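Worksheet for the structure shown next.
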Amino acid sequence: MRAESGTGWDEVEPTEQQRLALKLEIVIVLLVTFGLSGLNAALSLVESALAPGGVGGRTIALNPSRSTQSTIDLLFQLLSVLRLVAWAALGLYLLWRSGLGPRLIGLAKRIRWRADALPGIALAAIIGLPGLGLYLTAHALGVSVTIVPASLGDHWWRLPVLILSACANALAEEVIVVAFLITRLRRLGWSAHSALLASALLRGSYHLYQGLGGGLGNMVMGVIFGRYWQRTNRLWPLVLAHATIDAVAYIGYTVLRGHVSWLP
């Protein structure tokens with residue numbers, strides 16, 4: 001695994017105290033970030049299944065308006081973006097403290113067109129298009145909730161905030177779920193395959209609010225993204241792909257809602 005080669009931190013077997021510290025670090029970070037989100041999503045899935053109409057009868061908004069006051073709503077949205085950036089910063093800081101700076105996990109200061117942007121576009125297409133088809137199929141079968149990617153009011157800041165949200169979400173997920181979790185599990189002696197599976201399961205877990213189809217689809221995304229990172233040690237393509245998928249979903253829904261019949 002390239003992300004672990006040449007850095008020096010993985011060449012010495014950790015002591016029992018270091019192993020305990022790593023385990024505690026993983027638990028704490030996940031409870032603060034996406035692990036807790038996974039538990040919430042699982043409860044949301046159970047709630048949807050028990051509600052009248054089942055999973056297919058529920059609607060969930062991903063970027064809901066938080067206030068009737070435009071300025072207050074904007075501040076709430078920016079705080080949500082800041083929280084995601086803080087999660088990413090936490091993961092980056094802990095990795096840096098262990099000798100893995102951003103460059104060593106594939107977040108160099110400069111994004112390269114061929115090495116980062118083009119693969120990011122390709123990954124977005126590979127994941128995004130089948131993902132949309134899976135969602136529409138699952139929704140038609142009644143096994144997926146109705147997802148409203150954006151329900152913000154018609155404010156001047158709506159589109160910029162949706163793009164910021166997409167970018168912040170992408171950065172937080174790829175840093176924590178891929179770079180942080182996989183490197184930490186590998187440090188504990190997990191195999192590359194086991195660490196990859198754990199990362200994919202985590203990604204699927206916090207999307208269970210969408211239904212089992214959403215959880216499974218994001219687990220597959222986790223396998224593809226995680227394996228790509230393991231083989232290339234470049235995280236920017238994952239961040240760019242993820243941000244593109246989310247931005248297209250958020251903005252596309254905002255633009256197309258009420259104008260096309262196939263959009264739930």
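The values are calculated or read from the model by the stated rules, or taken from the named source; none is laboratory data. Just so it is clear, the model here is predicted, and its values are computed rather than measured. Here the Cβ is made from the backbone with ideal geometry for all residues, glycine too, and neighbour counts use every protein chain on show.
Return a yes/no flag: does region 254-264 have any residue that is assigned to a helix (DSSP H, G or I), over 19 Å from Leu181 (Cα atoms) and of a type outside the set (Val, Ile, Thr). There is at least one residue in region 254-264 that is assigned to a helix (DSSP H, G or I), over 19 Å from Leu181 (Cα atoms) and of a type outside the set (Val, Ile, Thr).
Collect the residues in region 32-61 that are within 12 Å of Val145 (Cα to Cα), in contact (Cβ under 8 Å) with a residue 40 or more places away in the chain and in a loop (DSSP other than H, G, I, E, B), keeping them in residue-number order. Scanning region 32-61 gives Gly54, Arg58.
Inclusion of Val27 among residues that are in a helix (DSSP H, G or I) and at pLDDT 95 or above is warranted.
Within region 66-107, the set of residues being in contact with a helix residue (DSSP H, G or I) (Cβ under 7 Å, 6 or more places away or on another chain) and part of a loop (DSSP other than H, G, I, E, B) comprises Arg66, Ser67, Leu100, Gly106, Leu107.
Evaluate the following for Pro102: is it more than 19 Å from the chain's Cα centre (by Cα) and without any contact (Cβ under 8 Å) to a residue 24 or more places away in the chain? When the stated conditions are applied, Pro102 does not pass them. The number of residues in region 63-75 that are surrounded by fewer than 16 Cβ atoms within 10 Å (Cβ to Cβ) and either under 18 Å from Val178 (Cα atoms) or of a type outside the set (Ser, Thr, Tyr) (or both) comes to 5.
Results for (1) aromatic (Phe, Trp, Tyr); (2) within 11 Å of the chain's Cα centre (by Cα); (3) buried (at least 23 other Cβ atoms within 10 Å of the Cβ), shown as yes or no for each residue.
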| position | (1), (2), (3) |
| --- | --- |
| Val177 | no, yes, yes |
| Arg187 | no, no, no |
| Leu196 | no, no, yes |
| Val223 | no, no, no |
| Arg227 | no, no, no |
| Arg234 | no, no, no |
| Val248 | no, no, no |
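Gly226: assigned to a helix (DSSP H, G or I), small (Gly, Ala, Ser) and at pLDDT 90 or above, yes or no? When the stated conditions are applied, Gly226 passes them. Checking each residue in region 123-155 for being of a type in the set (Gly, Ala, Ser) and touching a residue at least 24 places away in the same chain (Cβ under 8 Å) picks out Ala124, Gly128, Gly131, Ala138, Gly142, Ser144, Ala150, Ser151, Gly153.
When you look at Leu118, is it in a helix (DSSP H, G or I), touching an Asp or Glu at 6+ places or on another chain (Cβ under 7 Å) and hydrophobic (A, V, I, L, M, F, W, C), yes or no? Spelling it out, it is not the case that Leu118 is in a helix (DSSP H, G or I), touching an Asp or Glu at 6+ places or on another chain (Cβ under 7 Å) and hydrophobic (A, V, I, L, M, F, W, C). Annotation note: of Val177, Val161, Val239, the sole residue that is touching a His at 6+ places or on another chain (Cβ under 9 Å), of a type in the set (Val, Ile, Thr) and in contact (Cβ under 8 Å) with a residue 40 or more places away in the chain is Val161.
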